[in-house]
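What follows is a single structure, written as structure tokens, with notes after it.
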Amino acid sequence: MTAEMSPIDKAKFVAAKRASDLVETGMRIGLGTGSTAAWLVRCLGERVRDQGLRIRAVATSTRTAALAREVGIDVIALDEAGWLDLTIDGADEFDGDLNLIKGGGGALLQEKIVATASDRMVVIADAGKEVEKLGAFPLPVEVIPFGWKATQKMIEEMLVSMDVLGRKTSLRMDQDAPFVTDEGNRILDLHLNRIGNARQLALALNQVPGVVENGLFIDICDAVVIGHGDGRVDLRDINAGTVEHDRLDLGESDNLFSDLAD
Ligand SMILES: O=C(CO)[C@H](O)[C@H](O)COP(=O)(O)O
């Protein structure tokens with residue numbers, strides 16, 4: 001089974017597996033969305049089943065909620081949880097300050113609410129997601145369907161006024177129809193190439209009428225678990241200023257490799 005996995009899949013898996021060790025019985029956990037987060041959900045499901053881990057989890061998408069239930073995790077609403085001990089989620093890009101671009105899977109709104117309503121947010125990612133400057137990955141912005149073209153025009157004008165280099169925006173599609181988020185909204189992807197001042201852009205975007213939320217996560221993430229295709233993992237904690245190195249034996253986890261989760 002291991003041989004069928006690409007190095008990136010292995011990297012995502014080892015990051016998720018290592019991060020699953022941060023979860024302790026009794027915790028209220030936020031579960032991210034995407035292929036790396038799906039590995040985390042499977043790893044936690046294994047611990048629930050085999051080690052009697054008891055957690056309550058808030059999912060950031062209907063996809064993640066369905067998978068979590070399938071693997072035996074107790075899924076509750078955020079309002080029931082009130083507050084979370086830890087959220088673990090993937091990312092599309094992260095920089096040296098652990099600022100992120102998220103929303104490649106279209107779940108950025110719930111992901112940002114859940115991460116912000118947590119004592120701690122840990123990102124799990126393959127090493128290829130680390131960038132010097134955010135922006136090569138198109139920045140997702142969730143907008144309401146009403147008048148979305150006017151919202152798109154206002155965003156483009158705002159990008160010009162802010163002297164942002166790339167200004168192309170596109171409506172995310174799902175085959176022939178617009179992609180619809182769990183909240184019934186649309187996603188505009190902003191092709192910016194390189195974001196000069198991510199903090200300023202994140203604030204400015206949320207001032208545009210029709211914008212619900214943007215995929216820039218500034219000062220939200222506390223730590224990142226970076227996976228490599230050979231089983232190495234690095235844990236970088238921005239608050240503690242520490243970096244730990246570890247290595248996971250991929251062979252030990254063959255049973256989990258049998259079904260790519262996303
Ligand atoms: O933000 C996200 C979903 O909205 C994901 O975390 C992000 O797109 C990374 O996905 P993957 O783990 O599949 O690479």
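The values are calculated or read from the model by the stated rules, or taken from the named source; none is laboratory data. The structure presented is a predicted model; accordingly, all values stated were derived computationally and were not measured. All Cβ positions, glycine included, derive from the backbone under ideal geometry; neighbour counts span all protein chains shown.
Quick one: how many residues across the stretch 190-235 are acidic (Asp, Glu) and in contact with a Leu (Cβ under 7 Å, 6 or more places away or on another chain)? First the steps, then the outcome.
Going through the stretch 190-235, the residues acidic (Asp, Glu) turn out to be 213, 219, 222, 230, 234.
Now drop any that are not in contact with a Leu (Cβ under 7 Å, 6 or more places away or on another chain), which leaves 213.
Total satisfying the criteria: 1.
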Of residues in the stretch 33-58 being touching a residue at least 40 places away in the same chain (Cβ under 8 Å) and not in a helix (DSSP H, G or I), the one surrounded by the fewest Cβ atoms within 10 Å (Cβ to Cβ): Val58
Unique residue being in the same structural domain as Ile226 (by TED's automatic domain parsing) and under 17 Å from Asp182 (Cα atoms) when the list is Ala68, Ala11, Ala57: Ala68
Search result, residues across the stretch 94-113 that are more than 9 Å from the ligand (Cβ to nearest atom) and among the charged types (D, E, K, R): Asp95, Asp97, Lys112
Residue within the stretch 154-163 that is in a helix (DSSP H, G or I), closer than 13 Å to Val212 by Cβ and over 19 Å from the mean Cα position of the chain (by Cα) present: yes
The stretch 116-141, subset within 10 Å of the ligand (Cβ to nearest atom) and not in a loop (DSSP other than H, G, I, E, B), residue surrounded by the fewest Cβ atoms within 10 Å (Cβ to Cβ): Gly128
Answer from Lys17, Lys12, Lys102 - the residue that is basic (Lys, Arg) and closer than 20 Å to Asn214 by Cα: Lys102
Selection count, the stretch 90-99, where residues are part of a loop (DSSP other than H, G, I, E, B) and among the aromatic types (Phe, Trp, Tyr): 0
Residue, farthest from the ligand (Cβ to nearest atom), within the stretch 188-211, restricted to residues that are assigned to a strand (DSSP E or B) and surrounded by 17 or more Cβ atoms within 10 Å (Cβ to Cβ): Val211
Any hit, the stretch 68-89, residues being within 11 Å of the ligand (Cβ to nearest atom), in contact (Cβ under 8 Å) with a residue 12 or more places away in the chain, surrounded by 21 or more Cβ atoms within 10 Å (Cβ to Cβ) and part of a helix (DSSP H, G or I): no
Scan of the stretch 22-53 for residues that are in contact with a strand residue (DSSP E or B) (Cβ under 6 Å, 6 or more places away or on another chain) and among the basic types (Lys, Arg), ordered by number: Arg28
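Just give me the residues in the stretch 1-32 being of a type in the set (Gly, Ala, Ser), part of a helix (DSSP H, G or I) and closer than 13 Å to Gly90 by Cβ, in sequence order.
Correct list: Ala11, Ala15, Ala16, Ala19.
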Matching option when the condition is at pLDDT 95 or above and either exposed (fewer than 13 other Cβ atoms within 10 Å of the Cβ) or more than 21 Å from Leu134 (Cβ to Cβ) (or both), among Gly215, Gly251, Gly227, Gly184: Gly184
Residues of the stretch 202-224 classified as within 19 Å of the chain's Cα centre (by Cα) and touching a residue at least 60 places away in the same chain (Cβ under 8 Å), total: 13
Number of the exception - Arg28 against (1) surrounded by fewer than 21 Cβ atoms within 10 Å (Cβ to Cβ); (2) more than 16 Å from the ligand (Cβ to nearest atom): (1)
Selected residue [more than 22 Å from Leu53 (Cβ to Cβ) and free of Cβ contacts under 8 Å to residues at least 12 places away in the same chain] from Asp174, Asp182: Asp174
